[in-house]
Structure formats: C-alpha cells, structure tokens
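One structure is given below, encoded as structure tokens.
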Amino acid sequence: MLGPPGAGKGTQAERVARERGVPHVSTGNMFREAVQAGTALGKAAKAVMESGGLVSDDIVIGIVRERLARPDAATGFVLDGFPRTVAQAEALDESLDDAEPLVVVDIEVPAEAIVKRLDARRVCGACGAIAAPGGTVCVKCGGPLVLRKDDEAEVVRERLRVYDRDTLPLVEFYRRRATYRAVDGDQPPDGVARDIAAAIASVLGVQQ
Ligand code: AMP
C-alpha cells in the first residue's frame, strides 16, 4: 500500500488485511511498539521518527524479512509503510516468491489535503490506534486521544519533503508494472475502500 503520510494507508491496510484474513504489516506500528517497549530497535528509531526522517534501509529491511518469514504471513500479507525507498522495494522483490503477484495500490491524495488531515488526526495515547474523526476517547481501549508527535505541523512538512525525495521515485519504480493501481484517496474512507477492493480484484482477476 503506497501513498503519502496521512493518505489513509493504515486504515485501509487494516481493512484489507481483515477482509482477506492475512496479517497487516505496518513498519510504522512496529517501530512505535519498539519505542514504547524501549528495545534497542526503539532506541535507534525514536529520534529519526520524531524528526520526520526515515529509519535506515538495513534496519527496516531486516525487520520486514523477519516478519514475513513468520507462519501467519505464508498465504499473504498487507504491507503498510514499506517499502518507502527504491532499495527497500528491490529487497522486497528479492524476498518474494515469483508465483504470487505483488499488488501495488497507490493511494493518491494532494499535499494540501494531507496537511489538513494530519493536523486534525488524533491517535490513542495508550494503544496508538488511529481515532475516528470527532471521537473523544479511543474506541479500542478507552485511552485518551492525542496528536501524534510526528503529526505536528513542522514534522509533517519534513515527512512530506522526505516522501517527495525518497518515496515518490518508488511510484515510478512500480508504475510500469501490470500489478500497479492508483486509487483516489481524496474521498471518504468507504469510497477509498471500494476502489481498493476493485483495484485488487482487477489485478488478481479470476483468483477473486
Ligand atoms: P508511518 O506510521 O508509516 O508513517 O511511520 C512512522 C515513521 O516510522 C516514519 O516517519 C519513519 O520514521 C519510520 N518508518 C516507518 N516505515 C519505514 C520505512 N519503510 N523506512 C524507513 N522508515 C520507516
């Protein structure tokens, strides 16, 4: 699942994963959990994340390889927030079985809409879940809602710069593939979900 920060990748990836009965693999969530748990990985990632930069390719590729080798990922998975650089995409290609297509869904949202969305977005301060707009407490665990540190305006601007510099080339990397689909992410979440389901069905064809 490709798209700029705040495109709705997390929400949509979670939904596709639930519907298809495969794990949702979010590198951002993995790093946030590691930061909370205070592991060595968390310590390495914390400052980079808070500045809006990217964790190094070696570290990210290592944790994703480990995650995809777990048995629950044997029949498929939804990747969210990975790959984010061409080097990560090349590493992913190397570790994939050619028999299964890599469906690339690119959620397109204009930059002005992103800045507005991230400014309004709240996450649970206890479990990290993204809150529905207008909520007051987390629907998953009842925790308080907070602005994610990297959703602060200045960090968002840096994340968008990093996206343009490091992640947009990925769109070019994938765009030529028959399994690439762009969907309009600048519409309500149910509409995006419908377009994503149709995009995946059109790639997988008769396997649906
Ligand atoms: P996300 O929740 O996907 O926006 O990720 C939050 C932060 O985690 C990013 O701004 C990066 O600092 C880091 N991160 C997540 N995924 C990656 C990745 N594939 N490569 C490098 N850094 C990542």
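Throughout, read-outs are computed from the coordinates displayed, never taken from laboratory work. None of the values given here were measured: they were computed from a predicted structure. Reconstructed Cβ throughout: ideal geometry from the backbone, glycine too, with neighbour counts over all protein chains shown.
A few points about this structure:
- 222 nm mean residue ellipticity, helices alone, for the chain (DSSP H n ≥ 4; -39,500 (n - 2.57); rounded to 500): -15000 deg cm²/dmol
- Extension gain, Cys141 to Arg176: 0.36 nm times the residue separation minus the Cα-Cα distance gives 8.4 nm.
- DSSP finds beta bridges in the chain, and of those with both partners inside it, around 30 percent are antiparallel.
- Cα gyration tensor shape for region 9-204, rounded if a/c is under 1.5, else prolate or oblate: rounded
- Region 114-204, relative contact order [Cα under 8 Å, separation at least 6], %: 18
- Net charge of Cβ neighbours under 14 Å - reference Ile59; Lys, Arg +1; Asp, Glu -1: +2
- One decimal place: the segment Val115-Ala74 gains 11.1 nm when fully extended, by the rule 0.36 nm per residue minus the C-alpha distance.
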